[in-house]
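*Asks:* Mind looking over this structure? Questions follow.
The values are calculated or read from the model by the stated rules, or taken from the named source; none is laboratory data. None of these values were measured; they are calculated from a predicted model. Every residue, glycine as well, gets a Cβ built from its backbone with ideal geometry; the counts of neighbours run over all protein chains shown.
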Amino acid sequence: MVELFCFITPALYENEKKYSIRVAITVFLLFVVGVLMSYFILFPISFRFLGTYSVTEIVESNITLKSYISTFTTLTLVMGLVFQLPVIAYFLGKLEVVSSGLLRQYRKYAFLVIMIVAAVITPPDLMTLILVTIPLYMLYEVSIVVLKRMERRKKPILTSP
């Protein structure tokens, strides 16, 4: 990623360089926060649940190294990608596809979609579902704030004669 950025940077204007650096840092920090949340909070709880989950006493659950690594990498990467929601909302706002008013209007539906996404990306555990839903909904609210700030900057200031 850094190599690609260093390759493209000479072709950019000065203001584009500043803008792209800010976007790259924001994307990186949000990805790292998502990965850290997955690593330190979600995965230990999920692994504890999956390790102790039992259908009946007759059926013994064995966690293989392959399933452990697969669950870990999938959950970690998905959480890193899902934490990009404010950046995606910002670019969709720039393209005038969404606005802060639209996101506010569909809050209830967004919460339902966030719950469904959280249920899909987490193991079947209520605690993990809640731990994923709360930050995702907070990111949705952050997206509304980001779009509102962007819309305020875009509007011209009216001056009286």
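*Asks:* Do the conditions hold for I21, that is, is it of a type outside the set (D, E), touching a residue at least 40 places away in the same chain (Cβ under 8 Å), surrounded by 12 or more Cβ atoms within 10 Å (Cβ to Cβ) and within 24 Å of V82 (Cβ to Cβ)?
*Replies:* When the stated conditions are applied, I21 does not pass them.
*Asks:* Name the helices (runs of 4 or more DSSP H) wholly inside the range 27-146 in which the number of residues that are in contact (Cβ under 8 Å) with a residue 60 or more places away in the chain is 3 or more.
*Replies:* In the range 27-146, 43-52, 85-94 are the helices (runs of 4 or more DSSP H) which contain 3 or more residues that are in contact (Cβ under 8 Å) with a residue 60 or more places away in the chain.
*Asks:* With respect to the numbered conditions (1) modelled with pLDDT of 90 or more; (2) touching a Leu at 6+ places or on another chain (Cβ under 7 Å), which one is the sole condition not fulfilled by F43?
*Replies:* Every condition holds for F43 apart from (1).
*Asks:* Moving to a separate point now. Is it the case, given these coordinates, that K66 is of a type in the set (K, R), surrounded by fewer than 13 Cβ atoms within 10 Å (Cβ to Cβ) and within 25 Å of V132 (Cα to Cα)?
*Replies:* yes
*Asks:* Output yes when any residue across the range 5-14 is within 18 Å of V117 (Cβ to Cβ), part of a helix (DSSP H, G or I) and modelled with pLDDT of 85 or more, and no when none is.
*Replies:* Looking for residues that are within 18 Å of V117 (Cβ to Cβ), part of a helix (DSSP H, G or I) and modelled with pLDDT of 85 or more, one finds none in the range 5-14, hence no.
*Asks:* Of the conditions (1) surrounded by 13 or more Cβ atoms within 10 Å (Cβ to Cβ); (2) under 18 Å from T71 (Cα atoms), P44 fails just one. Which one is it?
*Replies:* All conditions pass for P44, except number (1).
Residue-by-condition table, conditions (1) more than 24 Å from S38 (Cβ to Cβ); (2) among the hydrophobic types (A, V, I, L, M, F, W, C); (3) in contact with a Pro (Cβ under 8 Å, 6 or more places away or on another chain):
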{"site": "Q84", "(1), (2), (3)": "no, no, no"}
{"site": "V87", "(1), (2), (3)": "no, yes, no"}
{"site": "Y90", "(1), (2), (3)": "no, no, no"}
{"site": "K94", "(1), (2), (3)": "yes, no, no"}
{"site": "L103", "(1), (2), (3)": "yes, yes, no"}
{"site": "T128", "(1), (2), (3)": "no, no, no"}
{"site": "P135", "(1), (2), (3)": "no, no, no"}
{"site": "K148", "(1), (2), (3)": "yes, no, no"}
{"site": "R153", "(1), (2), (3)": "yes, no, no"}
